[in-house]
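Take a look at the structure set out below.
FYI, it's all coordinate maths here, none of it is from the lab. Treat the numbers as computed from the prediction; the structure is a model and nothing was measured. As a convention, Cβ positions derive from the backbone with ideal geometry for all residues, glycine included, and neighbour counts pool all protein chains shown.
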Amino acid sequence: MAQKHFIEILNEEAPDISKSFFDLADNLRDNGGLDPKTFQLVYIGIKAAACQAGSVGAHAAYAKKAGASREEVLGAVLMSLMTNGVDGVAACIASAIEGFDRE
């Protein structure tokens, strides 16, 4: 049996908190002063610096839908070299490519 994604568990076990979290995320996305593509690229760079490959992969697909190129997504991951050294790139570059190519 496949392991549930944390979002599925959050939705089932804490639906009010899940809703609040996604309402906040939507509000930041819609009112943060960034266009959708830039928002996703910044998010990818932050998550890559934190070595969070799952988030990088998911948001690479969102960035592509928002009009980002493969080079822009990879560039967002590579920016983490300046903030986190090689760790973020090592942890996330494959996920970024897989996420971008997934859809």
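Each residue in segment 47-100 was checked for being under 16 Å from Arg29 (Cβ atoms) and assigned to a loop (DSSP other than H, G, I, E, B), and 3 pass. Tally up the residues in segment 1-46 that are in a helix (DSSP H, G or I), of a type outside the set (S, T, N, Q) and more than 27 Å from Val73 (Cβ to Cβ), please. Total meeting the criteria: 7. Residues in segment 79-89 that are free of Cβ contacts under 8 Å to residues at least 24 places away in the same chain and of a type in the set (A, V, I, L, M, F, W, C): Leu81, Met82, Val86.
Cβ-Cβ contacts under 7 Å between residues 6 or more apart (or on different chains), taken from a first residue in segment 40-65 that is within 17 Å of Asn84 (Cα to Cα) and in contact (Cβ under 8 Å) with a residue 12 or more places away in the chain to a second residue that is assigned to a helix (DSSP H, G or I) and polar (S, T, N, Q), are listed as Gly45/Ser80; Lys47/Ser55; Ala48/Ser80; Ala49/Ser80; Ala49/Thr83; Ala49/Asn84; Ala53/Ser95; Val56/Ser95.
Listed by first and then second residue, the pairs linking a residue in segment 5-30 that is without any contact (Cβ under 8 Å) to a residue 12 or more places away in the chain to a residue that is among the aliphatic types (A, V, I, L, M) and surrounded by 12 or more Cβ atoms within 10 Å (Cβ to Cβ), with Cβ atoms under 8 Å apart and 6 or more places separating them unless they lie on different chains, are Ile17/Leu10; Ser18/Ile7; Ser18/Leu10; Phe21/Leu10. The set of residues in segment 1-49 that are in contact with a Leu (Cβ under 8 Å, 6 or more places away or on another chain) and β-branched (Val, Ile, Thr) comprises Ile17, Val42.
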